[in-house]
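Trainee: First, the structure itself, so that you have it in front of you.
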Amino acid sequence: MTIKVNDNFAALSKSYLFSEIGRRVREYQEAHPEANIVRMGIGDVTRPLPQCVVNAMKAAADELGKAETFRGYPPEYGYDFLREAISAHYAEMGVEMPADDIFVSDGAKSDCGNFVDVLGDNDIYLPDPVYPVYRDSNVMSGRRITLLPSGRDNDFLPMPDENCGTGVYYLCSPGNPTGAAYSAQQLARWVEFAKKSGSLIIFDAAYEAFITDDCPRSVYLVPGARECAVEICSFSKTAGFTGTRCGYTVVPSELVFDGVHLRDLWARRQATKFNGVSYPVQRAAQAAYSPEGMAACYENIAYYRENAAMLASVLDEKGIYYTGGKNSPYLWLQCPNGMGSWEFFDYLLDKANIVGTPGEGFGKCGEGFFRLTSFSTHELTAEAVRRLREVL
Ligand code: PLP
């Protein structure tokens with residue numbers, strides 16, 4: 001007799017995208033120690049936290065150090081002050097969202113991966129290419145996955161079609177890796193489809209703050225979404241919390257399947273398996289919503305946008321097809337001259353000493369495409385642009 005392990009793990013993809021990138025870059029750097037490599041592949045922010053966010057975190061830590069203001073375990077669903085601040089953020093977008101429907105977490109990745117806990121044996125539908133967490137968390141739990149292909153014909157924004165049945169649909173807008181964002185009309189079609197077919201949409205809005213046009217920043221801006229969609233969001237890209245860790249999931253009280261309120265299941269799941277986000281981090285997240293915090297966050301986002309515009313300008317100049325950039329920190333471009341994703345990765349590394357992310361690592365439909373990010377400094381982005389102009 002022996003312990004049985006979860007064999008679903010054996011079905012996970014063996015290609016570890018970022019470790020393979022790391023290996024190729026290391027080998028290249030060893031062979032070319034003089035090469036000054038510019039990294040445009042990371043999905044991590046580089047701008048520091050706003051000062052008022054840091055001050056709030058420090059003040060909260062001081063409170064924990066005094067007997068009169070000490071706090072122990074936080075509430076599993078988040079402190080009321082933060083749930084109410086998030087609710088007020090929705091109100092500013094024109095969405096009425098009661099604080100009771102908002103569940104604070106340590107980030108969107110955990111929630112994307114954990115939400116399967118409250119779902120039964122459903123068909124799972126994922127865009128291809130896709131943020132790998134949706135795929136791998138469903139592979140780990142042995143669920144049937146159907147991919148929704150995307151490409152130039154739908155500008156990497158898959159829509160419901162005759163192959164779509166009742167199931168759980170993960171949508172990410174603006175998307176990672178493609179940077180493409182759904183319009184209000186497109187999201188309305190998804191909501192209509194979900195309601196008609198009895199499906200659930202898991203809407204990942206981690207990049208909502210990057211939207212510059214009239215694409216919806218929340219799925220709840222679409223009428224009817226409260227009855228068919230969960231929304232997951234994060235302070236990571238909005239407020240620079242990738243290392244600080246805070247996010248939230250909205251499960252509206254109207255979401256009822258088989259007579260069961262999904263919100264009750266998620267509340268139970270969180271209360272059982274999660275002990276909340278630390279007090280200083282929640283105070284820091286609250287401070288990000290203050291007028292000073294919002295101004296500083298949008299200044300940082302504007303900084304990344306300028307980088308994205310610099311990268312977009314060279315792609316425009318060279319007539320290269322791409323999505324993203326406008327509403328997203330990501331630019332998703334077609335590799336020139338019919339090159340494959342990894343072939344282009346090696347070409348850029350060798351000819352321009354630039355590291356990006358091969359699109360094939362996000363799914364089959366990503367083959368022949370490549371992701372560049374704007375999460376770098378102006379100086380390094382300008383240098384990357386100069387080199388790209390020479391080699392593209
Ligand atoms: N969702 C998407 C689409 C992402 O790209 C990322 C991070 O890159 C996350 C979620 C993770 O967010 P967090 O840092 O809050 O875990």
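Bear in mind that the values in this text are calculations on the coordinates, not laboratory data. Keep in mind that what you see is a predicted model, and the values were worked out from it rather than measured. Glycine gets a Cβ as well: all are built from the backbone with ideal geometry, and neighbour counts include every protein chain shown.
Trainee: Under the 0.36 nm per residue contour assumption, what length would be gained going from the current alpha-carbon distance of Glu27 and Glu317 to full extension? Spell out each step's value before the answer.
Mentor: On the way: separation 290, 0.36 × 290 = 104.40 nm, distance 3.21 nm.
Gain on stretching Glu27 to Glu317: 101.2 nm.
Trainee: A follow-up question, please. On alpha-carbon atoms, Rg over Rh for segment 86-200 using Kirkwood Rh? Don't jump to the answer; show the numbers that get you there.
Mentor: Working: Rg = 14.9 Å, Rh = 15.5 Å.
Taking Rh as the inverse mean 1/r over Cα pairs, Rg/Rh reads 0.96.
Trainee: Hey, can you grab everything whose amide H is under 5 Å from the amide H of Asp128? Only 5+ residues off in sequence or another chain; H modelled, so Pro and N-termini drop out.
Mentor: Under 5 Å from the amide H of Asp128: Leu148, Ser150.
Trainee: OK, next. Of Lys14, Lys58, Lys318, which has the largest mean-square fluctuation in a 10 Å C-alpha GNM of the chain?
Mentor: Maximum fluctuation in the GNM of the chain, among the listed residues, is at Lys14.
Trainee: Let me ask something else. Run lengths n ≥ 4 of DSSP H only: what is the helix-derived mean residue ellipticity at 222 nm for the chain, with -39500 (n - 2.57) per run over all residues, to the nearest 500?
Mentor: On the way: 12 runs with 153 residues, N = 392.
Taken over the chain, the calculation gives -12500 deg cm²/dmol.
Trainee: Can I ask one more? Quick one: what are the phi-derived ³J(HN,Hα) couplings along segment 98-111, Karplus 6.51/-1.76/1.60 with θ = phi - 60°, whole Hz, x for glycine and proline?
Mentor: Those phi angles translate into x, 4, 5, 8, 10, 10, 7, 9, 8, x, 6, 4, 4, 5 Hz.
Trainee: Explain nothing, just compute: Karplus ³J(HN,Hα) = 6.51 cos²θ - 1.76 cosθ + 1.60, θ = phi - 60°, for every residue of segment 124-135 in order, whole Hz, x for Gly and Pro.
Mentor: Computed from phi, the couplings for segment 124-135 are 10, 10, 10, x, 10, x, 8, 5, x, 4, 4, 5 Hz.
Trainee: Arrange Cys365, Cys335 by Cβ neighbour counts within 10 Å, fewest through most, would you?
Mentor: Working: Cys365 21, Cys335 24.
The fewest-first ordering by Cβ neighbours comes to Cys365, Cys335.
Trainee: Compute the distance from the alpha-carbon center of segment 242-315 to that of segment 341-378, in whole Å.
Mentor: Centre-to-centre distance over Cα atoms comes out at 27 Å.
Trainee: While we're here: Ignoring solvent entirely, what values of log10 I(q)/I(0) come out of the Debye formula for the chain at 0.09, 0.11 Å⁻¹ when each Cα is a single scatterer?
Mentor: Reported log10 I(q)/I(0), two decimals: -0.55, -0.83.
Trainee: Looking at segment 75-174, which chymotrypsin sites (Phe, Trp or Tyr not before Pro) are in a loop (DSSP not H, G, I, E or B) and have at most 16 other Cβ atoms within 10 Å? Mind showing how you got there, number by number?
Mentor: On the way: sites: Tyr77, Tyr79, Phe81, Tyr90, Phe103, Phe115, Tyr125, Tyr134, Phe156, Tyr169, Tyr170; in loops: Tyr77, Tyr79, Phe156.
Nothing satisfies the criteria.
Trainee: For every other residue with a beta carbon closer than 11 angstrom to the beta carbon of Ala60, add +1 if it is Lys or Arg and -1 if Asp or Glu, then tell me the sum.
Mentor: Details: positive: Lys58, Arg71, Arg283; negative: Asp62, Glu63.
Local net charge: +1.
Trainee: Residues with amide H under 5 Å of Gly167's amide H, sequence separation 5 or more or different chain, H placed in the peptide plane at 1.01 Å from N; which?
Mentor: The list, which skips near neighbours in sequence, is Ser199, Leu200.
Trainee: Quote the charge dipole size of segment 246-392 about the Cα centre in Debye, to the nearest 20; the model charges only the Cβ of Lys and Arg (+1) and of Asp and Glu (-1). Mind showing how you got there, number by number?
Mentor: Numbers: 14 positive and 16 negative charges, 79 e Å.
Roughly 380 debye for segment 246-392.
Trainee: Here is a follow-up. Could you list Ser313, Ser19, Ser234 so that the one with the fewest beta carbons within 10 Å of its beta carbon is first and the one with the most is last? Write out the running numbers ahead of the final one.
Mentor: On the way: Ser313 13, Ser19 9, Ser234 28.
The order, fewest Cβ neighbours first, is Ser19, Ser313, Ser234.
Trainee: Another one. Once phi is turned into θ = phi - 60°, what whole-Hz ³J(HN,Hα) does the Karplus curve with 6.51, -1.76 and 1.60 give for every residue of segment 145-150, x standing for Gly and Pro?
Mentor: These are the phi-based 3J(HN,Hα) values: 10, 10, 9, 9, x, 9 Hz.
Trainee: Quick one: Cα centre-to-centre distance for segment 161-182 and segment 1-69, in angstrom?
Mentor: 26
Trainee: Using the C-alpha atoms of segment 140-273, what convex hull volume per residue, in cubic angstrom, is computed?
Mentor: That works out to 141 Å³ per residue.
Trainee: Nearest 5 is fine: what % of DSSP beta bridges in the chain come out antiparallel, could you say? The partial results should precede the final answer.
Mentor: Details: 20 of 38 bridges.
Close to 55 percent.
Trainee: Quick check for me: using +1 on Lys/Arg Cβ and -1 on Asp/Glu Cβ, what's the dipole size of the chain about its Cα centre, in debye to the nearest 20? Numbers along the way, then the final one.
Mentor: Working: 37 positive and 50 negative charges, 121 e Å.
Its charge dipole is roughly 580 debye.
Trainee: Let me ask you something else. Based on a Kirkwood Rh over C-alpha pairs, give the Stokes-Einstein translational diffusion coefficient of segment 253-392 at 20 °C and viscosity 1.002 mPa s in µm²/s. Please report the intermediate quantities before stating the final value.
Mentor: Values: Rh = 18.2 Å.
Roughly 118 µm²/s, to the nearest whole number.
Trainee: Pick from Leu349, Leu148, Leu64: which residue has the top mean-square fluctuation in a GNM of the chain where Cα pairs under 10 Å get a spring?
Mentor: Result for the chain, Cα springs under 10 Å: Leu64 fluctuates most.
Trainee: Which entries in the list Lys273/Lys364; Lys14/Lys364; Lys237/Lys326 go over 25 Å, if you measure between the two C-alpha atoms of each? Could the numbers behind the result be given before it?
Mentor: Numbers: Lys273/Lys364 34 Å; Lys14/Lys364 14 Å; Lys237/Lys326 15 Å.
Cα-Cα > 25 Å for Lys273/Lys364; rest within.
Trainee: To continue, here is another question. How large is the dipole of segment 127-243 about the Cα centre if only Lys and Arg carry +1 and Asp and Glu carry -1, each at its Cβ, rounded to the nearest 20 debye?
Mentor: Numbers: 10 positive and 13 negative charges, 62 e Å.
Value, rounded to 20: 300 debye.
Trainee: Once the other residues with Cβ under 14 Å from the Cβ of Gly293 are scored (Lys, Arg +1; Asp, Glu -1), what is the net sum? Before the final figure, lay out each step's value.
Mentor: Numbers: positive: Arg47, Arg283; negative: Glu92, Glu292, Glu299.
Residues close to Gly293 contribute a combined charge of -1.
Trainee: Moving to a separate point now. What number comes out for the charge environment of Ser150, summing +1 per Lys or Arg and -1 per Asp or Glu over other residues with Cβ under 11 Å away? Intermediate values should be presented prior to the final figure.
Mentor: Working: positive: Arg152, Lys364; negative: Asp128, Asp153, Asp155.
So the surrounding residues net to -1.
Trainee: How about segment 1-63: which GluC sites (Glu not before Pro) there lie in a loop by DSSP and see at most 11 other Cβ atoms within 10 Å? Kindly include the intermediate steps, with their values, before the conclusion.
Mentor: Working: sites: Glu20, Glu27, Glu30, Glu34, Glu63; in loops: Glu34.
Listed in order of number, the matching sites are Glu34.
Trainee: Loop-only GluC sites (Glu not before Pro) in segment 67-151, please: DSSP not H, G, I, E or B, and at most 13 other Cβ atoms within 10 Å. Intermediate results must be reported in sequence, preceding the final value.
Mentor: Numbers: sites: Glu68, Glu76, Glu84, Glu92, Glu96; in loops: Glu68, Glu76, Glu96.
In loop regions of segment 67-151 (DSSP not H, G, I, E or B), the sparsely surrounded GluC sites (Glu not before Pro) are Glu68, Glu96.
Trainee: Name the residue farthest towards the positive end of the dipole of the chain from the options Ala59, Cys228, Ser328, assuming +1 on Cβ of Lys and Arg, -1 on Cβ of Asp and Glu, about the Cα centre.
Mentor: The residue sitting most towards the positive pole is Ala59.
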